[in-house]
Amino acid sequence: MESSSSKERSWFQHHFASPGQQLSAAKLGMWLFLAQEVLFFSGIFVAYGIYRTHHPEAFSIGSHLLDWKLGGLNTVVLLFSSLTAALAVRSSRIGDTRATSRYLLLTIICACIFLVVKYFEYSAKFSHGLLPGKFFDPHDAGDLPYHVRSFFGIYFVATGVHGLHVLIGIGYFIFLLVRNNQGRFSPAYNTPIDMGALYWHLVDLIWIYLFPLLYLID
Amino acid sequence: MAHEEVSVRNYVVVFSVLLVLTALTVAVYQVHLGAWNLVVAVIIATMKAALVVVVFMHMAHEARFNALVFLGSLLFAGIFLAYTLNDTERRMEVDEYHGALVDPETGDWAYGVAEQLSAIADRESGARTEEAREADLETLEGAAPAAGGAEELGADEERADDEEADAEEASDERDDKEE
Amino acid sequence: MELSTYQLPAQLSTYAAEVDWLYYVIFWISVAFFVGIVGVMGYFVVRYRSKPGVRAKKTGHSNTLEVAWTVLPLILLIVLFHWGFQSYVRGSVAPSSSLDIRVRGAQWLWEFRHPNGMEELNEVTLPVGTPIRFIMSSGDVLHSFFVPDFRVKQDVVPGRYSTLWFEATKTGKVQAYCTEYCGAPEGATGNVGHSAMLATLNIVDEETYEKFLEKGPAAPEGLSEAEWGKELVEKSGCRTCHGVDGASQMPAPNFKGLYMREEKMTSGKTIVADENYIRESILQPQAKIVSGYENLLMPPYKFGEAQLDAIIAYIKELSQE
Amino acid sequence: MSTHAESIGLADGTAADGAVHEENYLSAKGIASWLTTVDHKRIGIMYLIAVLLSFFAGGVFALLIRTELLFPGQTIMTADQYNQAFTLHGAIMVFLFIIPSIPAALGNFFLPIMIGAKDVAFPRLNLASLYIWCIGAVFSLVAIISGSVDTGWTFYTPYSSRASGAVLWMAMGIFILGFSSILTGVNFVTTVHKMRAKGLHWSRLPLFVWGMYATAVIQVLATPVLAITLLLLLVEKTTGLGIFDPALGGDPVLFQHFFWFYSHPAVYIMILPGMAIVSEIIAAFSRRKPFGYTYIALSSVAIALLGFLVWGHHMFTAGMSEYAVMVFSGLTMLVAIPSGVKVFNWIATLYKGSITLTTPMLYALSFIALFSIGGLTGIFLGTLSVDIFLHDTYFVVAHFHYVMVGGTVIAFIGGLHYWWSKMTGKVYSERYAKVAWALIFVGFNVTFLSQFVLGSRGMARRYFDYLDHFHTLHGFSSIGSYILGLGFVVLFFVLLHSLVKGEKAGPNPWNLAGYEWLTTSPPDAHNFATEFVAERGPYDYHLLDENIDEAAAKA
């Protein structure tokens, strides 16, 4: 890998001793960023945990108001996008840039599907008055216990912040797609795709936990 | 990279295992296990998460420290949850008043929960004035088109189909205090 | 301000001595550690000042020393934790026989309610020598009830009850503070808000307390009896049903012109609304009801004698205008 | 590249006379070279200036508070203005000054040099962290100007969730400042792991690097919880979510759990860098390897990890369950042990050393004394029954000022003096710097020793006015704060004077053994003229002294 001329090695940061050191530094930096994201979402899971143990019946009623079929669909969509992200990394490592672009595009499409499904879910909720905070007014849902509003508060914060992370992921993957089509990535240098895939897998991880905890409270 | 490339087939196999586990989660949801539902759901989710981390995120070929960092963050998130629960769940155990929301003897609520009480009172009496709800509907309709079919919703079935607001009872004005 | 030692306020509750004892145990241990650390440091700095030609000795290391100054302080701290926790339990669990006083903290005032329903504002009269438990809740934001002389403190949380107990050992006035920040009114001058949210505990002996429960609190100084009556009427919510201007259509009898007016009772008899009738209608509203107001459910009010006289004086004054 | 021969290997201690126009990191001129730099040294300098400005702003609010409390009753401002003053003093000092101060300013500058690297792992991320800090500072400035942020730096709900809109701006500002801290943390952990020069295995790392590493671990793992707490507060203020506001079914004690889960590790983000600098200075001016090097290094990491278990001791009276109170008090006692180990090891380092009382050494010794008071009073507050009495009184104010000002700020100034010649290439005047130290030491102790007694006599915290029997002690405290303020002013003049008129400093003015003293001062744009290889430990003074003897013998 060292033989490539300096133009191709424009990606190499000179304060590193070797490209290997640069990649392992990037990996460690990314894992630290993922650890920070885990703790960021831990705040939401703790709020969920506290309020679910305090008001189990309100949470189960609230969860029944959610449509778990859409949630399940979203889970499958995200798992598939995780697969395509991993395949994108694999193909860019073996140098098949066309396959990489295909997989990157697939990941972006799946992420958009996820957001569209989310949009329908939200609009269904809005029309039934199940909104966060003081707008919570389930006019045609009869006598809901008071703390169902806490459930929907946490539901909207959790899925909202997660949706924001999906949005950020889409932006980054579009950036990767453009760079890949410009031929910037090669088996010697595909760190950005690797990092993007790591981030995307974490977003999928968060949803893997959010889906059963929010949608499937019996 | 040092190790040989993982074949596409491996990834697809892992993906299908993840789908099976998702289906399993939904299946377990149908079965009523009481408190165990949460435990089982979390276990299955953790198995899926472990699969994604180890295979998709190449944790197996990573430097050991990266795994330590990730598990460390889970540990600290767990500590945060455990100690906070240790507090919120174990109030009123030494002195039944200390931390109680409702007075154990007289049953009246602690002070400072006016909005909550008025909301509960509204809900019990089902009384909400017509215009307040209309106003809310406009703001919502403007915000998002009402979903087409009548979503099956909430407690009683037959109530869901008369979507229009004619049958709602009137209720006293809810004072949505603007912060 | 009365101090028990240079550092600590007077010990006026059974629990205070215990806290002070542990405070001074930790204090003297800390002084010992501090003097030791700074002393040895000072000595080394002087003894080993750099002299020309004298080289610093190569640093050795000794695991025994390291283990020593890890384990010994640990043992010391665990003992302190144990004492602290034991005494904390004694200080936080009220004896079952304690007198329950309801306390409501609100932005910048304390309201106390005795078991017989009588209420006091920013001041509470309590018997000496009996354990007293405050059952507290806040009407708006976080407050905290702190009595330095009793060494007790407990946050007053809105939406939740919290408790605090003490047993006063001496009679006299004891100062209480709010120690959880609760803001201040915009632009108001002078001492307002969190730093003005003070309360005074009048610790009195047993009989004065019994007598007090009947008589009720005295008029706050600077207010005439009628003015105090007006304040009590407004504060206790009478105005929600009773008008005072003689005109408005309020559901309950109007106070203006009420005094010495002839009223026809549901029982058919007509009586004169004199002082006894008004006092009785406040304490047991259902005893005599003027015809036409049968369906009005007035809750019984608990006022001390002095407070009843003040309300009657206010109604008299309204009737004379 | 400079051809500074002696800067490699062992400096022989004489000032580098030869090089007149040698190239260094300050040579590139022009604003653009500063604003778009990725050189960790320049970013460190820019952070230093930004951090000192916020320290000045926070200090002004502190003097306003103390002037208000000089006399009972209203002195210079109304009650809600006073509340804004102490809130802004707290928020600026904590979020804008003390958390980024040592890690981002001195840490950015010296961490790469002390591990022999050319730069931090992610230089662009480092610059991004500085810009994010600036954006956060602008948001906080908007909050300060636009109106009444009077919730205290802790933003306790339900007061903060019902307070005015300005709290929104301040919460967003601190939310953004949190990310700047996270990026610095990620950068430092990766740098220490991946960028160490050859021969620099973990047991040869300077203790400053250990301290920065432990701080960075906390910054990465704790700051996101502050971000989610402020995000939930913002969402609750705008949509009435009802997680923290009891009127809507929330639990205000839950907010305190969220807030202190970050804020207690944050106080270790503040003190660990201070300890890191003191380890360096004590070892340098006793000309010895620190006693129990591994114990000091591991106690930094122990503090970082244990720091996550003890946040409940801020909430003993908040209405927590008795079980949680017991657990937190027990664990708090554990976290006091590593701090003690460090102090004892520093003193053992002085034993049989050859001690020179330069200004940085004075600051390091006063750190040991003042931090010991801060630490020991922490034991008062960790013991349950005494904490119930002392919580939220001036005793707590004095405790954390002894740890934060007596600890971190004194160590920060000590570090500033210690590395001043290396950073700026100029020498400050020792005599006036010692005058400034004396003023600061006296002023600080007068201000806060009196507050210990105020607190133990029952004076509550955040009081705009006080009863008359507290007047004399408040008077002492206010006068002390003026002396402290004067001390800081004198200090900054001494340093500014040295910039303008100070004479040129050699690479190793005190003839020390640390790796940063091997390069020129100010250092080369890439830290070392050639590839740095660590042949000896950072504290091998005996090797250094032997070389000096040989050089003297040869000459």
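Within segment D:188-212, the set of residues being surrounded by fewer than 24 Cβ atoms within 10 Å (Cβ to Cβ) and away from every other protein chain (no Cβ under 11 Å) comprises D:GLY199, D:LEU200, D:HIS201, D:TRP202, D:SER203, D:ARG204, D:LEU205. If the condition is being at pLDDT below 80 and more than 16 Å from C:GLN286 (Cα to Cα), then segment C:245-256 contributes C:ASP245, C:GLY246, C:ALA247, C:SER248, C:GLN249, C:MET250. Taken as a whole, the condition of being more than 13 Å from chain D (Cβ to nearest Cβ), among the basic types (Lys, Arg) and touching a residue at least 40 places away in the same chain (Cβ under 8 Å) applies to A:ARG184. Once segment D:515-542 is narrowed to residues that are in a helix (DSSP H, G or I) and within 14 Å of chain C (Cβ to nearest Cβ), the residue that is farthest from D:SER279 (Cα to Cα) is D:HIS542. Looking at segment A:30-41, can you tell me whether even one residue there is β-branched (Val, Ile, Thr) and either closer than 28 Å to B:MET57 by Cα or not in a helix (DSSP H, G or I) (or both)? Within segment A:30-41, one or more residues are β-branched (Val, Ile, Thr) and either closer than 28 Å to B:MET57 by Cα or not in a helix (DSSP H, G or I) (or both). All of D:ALA460, D:ALA436, D:ALA505 fail the test of being more than 26 Å from D:ALA104 (Cα to Cα), among the aliphatic types (A, V, I, L, M) and crowded, with 19+ Cβ neighbours inside 10 Å, apart from D:ALA460. Scanning segment D:439-457 for residues that are facing chain C (nearest Cβ under 9 Å) and either surrounded by fewer than 19 Cβ atoms within 10 Å (Cβ to Cβ) or not in a helix (DSSP H, G or I) (or both) returns a single hit, D:ARG457. Taking A:HIS128, is it buried (at least 17 other Cβ atoms within 10 Å of the Cβ) and at pLDDT 95 or above? Spelling it out, it is not the case that A:HIS128 is buried (at least 17 other Cβ atoms within 10 Å of the Cβ) and at pLDDT 95 or above. Residues considered: B:VAL69, B:VAL39. Of these, the only one that is among the β-branched types (Val, Ile, Thr) and surrounded by 15 or more Cβ atoms within 10 Å (Cβ to Cβ) is B:VAL69. With respect to C:VAL174, is the statement that it is over 29 Å from D:ASP245 (Cα atoms), within 14 Å of chain D (Cβ to nearest Cβ) and in contact with a helix residue (DSSP H, G or I) (Cβ under 6 Å, 6 or more places away or on another chain) true? Yes.
Within segment B:64-76, can one find any residue that is assigned to a loop (DSSP other than H, G, I, E, B) and of a type in the set (D, E, K, R)? The answer is no; no qualifying residue exists.
Of the residues making up segment A:56-74, just one is surrounded by fewer than 19 Cβ atoms within 10 Å (Cβ to Cβ) and either touching a His at 6+ places or on another chain (Cβ under 6 Å) or among the hydroxyl-bearing types (Ser, Thr, Tyr) (or both), namely A:SER60. Listed conditions (1) out of contact with any Gly (no Cβ under 8 Å at 6 or more places or on another chain); (2) within 7 Å of chain D (Cβ to nearest Cβ); (3) of a type in the set (Lys, Arg) are all met by C:LYS57, apart from (1). Show the residue pairs meeting these rules: Cβ distance below 7 Å; 6+ apart or different chains; first residue within segment A:40-52 and at the interface with chain D (Cβ under 8 Å from one of its Cβ atoms); second residue of a type in the set (Ser, Thr, Tyr). So the pair list comes out as A:GLY43/D:THR229; A:VAL46/B:THR84; A:ILE50/B:THR84; A:ILE50/B:THR88; A:TYR51/A:SER150. Test of understanding: among D:ILE174, D:ILE113, D:ILE98, D:ILE135, which residue is in contact with a Leu (Cβ under 7 Å, 6 or more places away or on another chain) and touching a residue at least 12 places away in the same chain (Cβ under 8 Å)? After applying the criteria, what remains is D:ILE174.
Just one of the listed residues (A:SER91, A:SER82) is under 20 Å from A:PHE173 (Cβ atoms), facing another protein chain (nearest Cβ under 7 Å), part of a helix (DSSP H, G or I) and not basic (Lys, Arg), namely A:SER82.
Would you confirm whether or not segment A:68-86 contains a residue that is β-branched (Val, Ile, Thr) and closer than 18 Å to A:ARG179 by Cβ? Yes, some residue in segment A:68-86 is β-branched (Val, Ile, Thr) and closer than 18 Å to A:ARG179 by Cβ. In this structure, B:SER73 does not qualify as among the hydroxyl-bearing types (Ser, Thr, Tyr), more than 9 Å from every other protein chain (Cβ to nearest Cβ) and free of Cβ contacts under 8 Å to residues at least 24 places away in the same chain.
Would you be able to tell me the number of residues in segment C:264-301 that are crowded, with 16+ Cβ neighbours inside 10 Å and of a type outside the set (Phe, Trp, Tyr)? The number of residues fulfilling the criteria is 10. The residue that is farthest from the other protein chains (Cβ to nearest Cβ), counting only those in segment D:460-486 that are touching a Ser or Thr at 6+ places or on another chain (Cβ under 6 Å) and hydrophobic (A, V, I, L, M, F, W, C), is D:LEU484. Filtered by the rule that a residue be closer than 14 Å to C:CYS238 by Cβ and part of a loop (DSSP other than H, G, I, E, B), segment C:269-292 gives a lone residue, C:PRO285. Residue pairs whose Cβ atoms lie under 7 Å apart, sitting 6 or more positions apart in sequence or on different chains, and linking a residue in segment C:238-260 that is basic (Lys, Arg) to a partner that is exposed (fewer than 12 other Cβ atoms within 10 Å of the Cβ) and part of a helix (DSSP H, G or I), do not occur here.
Among the residues of segment A:100-121, are any of a type outside the set (A, V, I, L, M), in a helix (DSSP H, G or I), free of Cβ contacts under 8 Å to residues at least 60 places away in the same chain and more than 28 Å from A:TRP68 (Cβ to Cβ)? Yes, segment A:100-121 contains a residue that is of a type outside the set (A, V, I, L, M), in a helix (DSSP H, G or I), free of Cβ contacts under 8 Å to residues at least 60 places away in the same chain and more than 28 Å from A:TRP68 (Cβ to Cβ).
The numbered conditions (1) in contact (Cβ under 8 Å) with a residue 12 or more places away in the chain; (2) within 14 Å of another protein chain (Cβ to nearest Cβ) are all true for D:ALA104 except (2). Restricting attention to segment D:232-248, the residues being within 20 Å of D:TRP311 (Cα to Cα) and either more than 14 Å from chain C (Cβ to nearest Cβ) or in a helix (DSSP H, G or I) (or both) number 2. Which residues, taken from segment C:157-192, are of a type in the set (Asp, Glu) and surrounded by fewer than 24 Cβ atoms within 10 Å (Cβ to Cβ)? Passing the criteria: C:GLU167, C:GLU186.
Residue-level analysis places A:ILE206 outside the set of residues that are among the β-branched types (Val, Ile, Thr), outside any helix (DSSP H, G or I) and at pLDDT 85 or above.
The values are calculated or read from the model by the stated rules, or taken from the named source; none is laboratory data. A quick note: this is a predicted structure, and the numbers were derived from the prediction, not measured. Don't worry about glycine lacking a Cβ; one is built from the backbone with ideal geometry, like all the others, and counts go over all protein chains shown.
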